[in-house]
Each structure stands twice: as C-alpha cells, then as structure tokens.
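The values are calculated or read from the model by the stated rules, or taken from the named source; none is laboratory data. Just so you know, these numbers come straight off a predicted model, no measurement behind them. We place every Cβ from the backbone using ideal geometry, glycine too, and count neighbours over all the protein chains shown.
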Amino acid sequence: MLTLNNLFGLTLAQAQNGAEAQPGGLIGALLPFILIFVIMYMVLIRPQQKRNKQHQEMIKRLKAGDEIVTAGGLHGRITEVKVDSVIVKLAENVEVEVARPSVHTIKNQDSEESPEPKQQQSAKKN
C-alpha cells in the first residue's frame, strides 16, 4: 500500500535525481484553475454585474407616481423624487423617505426588474 510518506519520498527522490520536467508542466498544472475561474466568472460574476447594472438603470428612471417595493418589503407610491432618496406614500397620512438604492422593484412597470417570472404573476392574479 502506497502511503503519503512513500509518495512524498518518491517525489523527492525524483527531484534529487534530476528527473526531467514533463512538457507543459506549468500550463498543465494551472489549466484547471484557469478553467474554474472562467466558469465561475460566467456563472456567478457576470450575471451579478448585469443585475447590478439593471438595478442602477431602474433607480435612475424612478419618477413620481411609480408604485414600488423596497428592499425591506414596503409597498407604496412615490410622491417626490430627490437626488439620493424618494418620498414614498405607504397609506393615508403615512409617508417615508427611502434611499434610492433600497428600491427593489417598480410594480407598475412590466420589465426585467420584476423578480418573478410572468407565468407566476399571471397565476397569482387568477
């Protein structure tokens, strides 16, 4: 049975004997890491950047009268838009000032910002 010490000892013995490096040793060793990084970029990083860009565009388009949902789950209608915040009317005589980035979705706009697929939305209406 080949143990870790025997395997390590064989590796050291090969290195001391001046064993020739295998062709493509460095590239072959780094290739799996490069592939993992590319896959992680395509699966995780790029879609997140796309969502962030869409959210920033949505925040820029906020206007009075939009029905919104905040990140905290508050539903309301924008009554006033300021530079870095919006005033949201939640109910009669209840208005709150919310930072623009905390606006999660615009309810009265059928666009890509909606987190639910359209099939689920139509099923809820029925």
Residue satisfying condition, being surrounded by 10 or more Cβ atoms within 10 Å (Cβ to Cβ) and within 19 Å of the chain's Cα centre (by Cα), within set Arg61, Arg51, Arg77: Arg51
The residue from Lys53, Lys63 that alone is at pLDDT 95 or above and not in a strand (DSSP E or B) is Lys53
Among the residues of the stretch 32-41, is any at pLDDT 75 or above, in a helix (DSSP H, G or I), out of contact with any helix residue (DSSP H, G or I) (no Cβ under 6 Å at 6 or more places or on another chain) and surrounded by fewer than 10 Cβ atoms within 10 Å (Cβ to Cβ)? yes
